[in-house]
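The values are calculated or read from the model by the stated rules, or taken from the named source; none is laboratory data. This is a predicted model, so every value here is computed, not measured. Note that we place each Cβ from the backbone using ideal geometry, even for glycine, and neighbour counts take in every protein chain shown. Heavy atoms of the whole protein, side chains included, go into the accessibility calculation; ligands, DNA and RNA do not. Shrake-Rupley method; radii C 1.70, N 1.55, O 1.52, S 1.80 Å.
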Amino acid sequence: MVMEIIHLSVDTPMQVHDSVCALGFFDGVHLGHQQLLKEVEHIAKEKGLKKAIMTFSVHPKQILENNDYHYLMSLSEKINILKQWQFDYFYIIDFDQTVANLKPNTFLQNYIINHQIKHVVCGFDFHFGKKGMGDVHVLQENKSFDVTVIEEYSEDALKVSSSYIKKLLNEGNIEKANHLLTRFYRVSGQVIYGLQNGRKIGFPTANIDYGHYVVLKKGVYGVYITIKGKQYKGMANIGYNPTVGLIDNLSLEVNIFDFDQDIYGKDVDVDFVFRVRDEKKFKSLNHLKEQLQKDKKHIDQFLD
C-alpha cells in the first residue's frame, strides 16, 4: 500500500475515499501522538474507513510570530514515519496567513467536510482556526463527522509533548527523549565546510548544517551517522570548540569512525544515542586529544 501525500490549499478539488483522520502538528510523532494514530487504526478497522493524518506544512508559530521555530523533525521525516504506520492519506495544509485567518467553521468545511473525513481524532488541547478559536467543543458541535478526543498522555506524572521532549534535549537527556520518541533523535543536514581544526589533532570531523532542528545541550554524544544509505558509528560534538579556537555559532561536528571520504555537500542523518560528557576547555591540545581518544573508545564499545 502506498500512502498518498496531498497538499491542500483552500480550494483544492479532491476525489478521495471516506476516512478517519488524526488532526495535529505531530512534531516528533512521539508516544503522545501515537495514541492518536492507534485510535485512528482502531476506528478505521471498525468502520471500514481509510486512515488519514492532517497536519500543517510549517508550525503556525513560525508564520504568526515570525520566529525561528525549532523542530524535532523535518516534514519528510514525518512522512516516512507515517508510511511505516501504513496510513492511506497524508494531508498537508500549506499554512499561511490566509489559512490562519479562516474562521473555525470555514476551516472545517474546507479541510474536513470537503475531503470526506467522516471521523476526526485529536488531542484534548487541539486548537484551530483564527486566533485558535476552534477547539474540541467546536468539533463536537459539527454533526458532519464524528469526533474522538484523546486525553492527556503522561509518563512519570508528566505530560508527553513536543515541548517536553525539546526541554529534555536542551538539558542533554537524550536517553529519555529517545524513549518518548520511540527512536533515536535524528538531525538531518548537509555537510558544510568548518575550520578543520579536528583534522590537525587526528580527529577529522564532518561539520553539519542542522538548520531548524532543536539542538541538544552542548557536549559530546555517541551517534550513528548514515551516509548514502550506509550507517557508521561516530562521536558528535555540539558546542563552540573552546580548546581549538572558539567559534561564534554553535556547531554540530561528527568524527566518523573507520571512514575517510570527501562528503562535503552530501546530506547525512545523525542519530543521537547517548550523552558522553559536557563540552569543556582543556589546558592543551594534547589533553584534548587524550580525552577524545577515551571518548572514542567508550563510544565504540557502547555502540557495539
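Fully extending the segment from N66 to H17 would add 14.0 nm, taking 0.36 nm per residue of separation and subtracting the current Cα-Cα distance.
Of the residues G222, G239, G48, the one that moves most in a GNM of the chain with alpha-carbon contacts below 10 Å is G48.
Would you mind checking the pairs K61/K131; K50/K118; K61/K176; K83/K143; K167/K281 and listing those with alpha carbons more than 21 angstrom apart?
From K61/K131; K50/K118; K61/K176; K83/K143; K167/K281, over 21 Å: K61/K176; K83/K143; K167/K281.
Of the GluC sites (Glu not before Pro) in the stretch 124-197, the ones in a loop by DSSP (not H, G, I, E or B) with at most 14 other beta carbons within 10 Å are E151, E152, E171. Dividing the mean sequence gap of close Cα pairs (under 8 Å, 6+ apart) by how many residues the stretch 1-127 holds gives a relative contact order of 45 percent. What the Cβ-Cβ distance of I113 and Q84 gives, at R0 = 22 Å and to the nearest 0.05, is a FRET efficiency of 0.15.
Positive end of the dipole of the chain (Cβ unit charges, origin at the Cα centre): among H287, G32, N67, the Cα lying farthest that way belongs to H287. The dipole here belongs to the chain: it is taken about the Cα centre, uses +1 on the Cβ of Lys and Arg and -1 on the Cβ of Asp and Glu, and is about 740 debye. Count neighbours as other Cβ atoms within 10 Å of each site's Cβ, and list the trypsin sites (Lys or Arg not before Pro) in the stretch 125-181 that are DSSP loop with at most 10 such neighbours. In loop regions of the stretch 125-181 (DSSP not H, G, I, E or B), the sparsely surrounded trypsin sites (Lys or Arg not before Pro) are K143.
Since only N173, A206, G132 are under comparison, the one whose Cα sits farthest along the positive direction of the charge dipole of the stretch 63-215, derived from C-beta charges on Lys, Arg, Asp and Glu, is A206.
Placing unit charges on the Cβ atoms of the charged side chains and taking the dipole of the chain about its Cα centre, the candidate lying farthest along the positive direction among I92, Q15, N105 is I92. Look at the alpha carbon pairs under 8 Å that are at least 6 residues apart: their mean separation over the length of the stretch 61-190 gives a relative contact order of 19 percent. Taking K and R as +1 and D and E as -1, what net charge do the other residues with C-beta under 13 Å from the C-beta of V29 add up to? It works out to a net charge of +3. Principal-axis analysis of the Cα atoms of the chain puts helix 75-84 at an angle of about 70° to the longest axis. Which one is right for this structure if Kirkwood radius over Cα pairs in Å is calculated from it: (1) 19.3; (2) 21.2; (3) 22.8? The value matching this structure is (2). For the chain, the longest principal axis of the C-alpha atoms and the axis of helix 285-302 are separated by about 50°.
Looking at the stretch 4-152, what % of its DSSP beta bridges pair antiparallel, to the nearest 5?
Antiparallel bridges: around 5 percent, rounded to the nearest 5.
Based on Cα contacts under 8 Å between residues 6+ apart, the chain shows a relative contact order of 17 percent. Per residue, the chain reaches -7500 deg cm²/dmol at 222 nm when only DSSP H runs of four or more residues are counted, each adding -39500 (n - 2.57). When DSSP beta bridges are restricted to pairs lying wholly in the chain, around 60% turn out antiparallel.
Determine the per residue accessible area of the chain with all protein chains present and a 1.4 angstrom probe, expressed in square angstrom.
Dividing the accessible area of the chain by its residue count gives 51 Å².
Build a GNM of the chain with springs between Cα atoms under 10 Å apart, and of N114, N105, N67 the one that fluctuates most is N67. Name the most mobile residue of A236, A52, A100, meaning the one with the largest mean-square fluctuation, in a Gaussian network model of the chain with Cα contacts below 10 Å. Between A236, A52, A100, it is A100 that shows the largest mean-square fluctuation. For the chain, the longest principal axis of the C-alpha atoms and the axis of helix 31-47 are separated by about 40°.
Sparsely packed loop sites in the stretch 1-79 (the GluC sites (Glu not before Pro) outside DSSP H, G, I, E and B with at most 14 other Cβ atoms within 10 Å) comprise E65.
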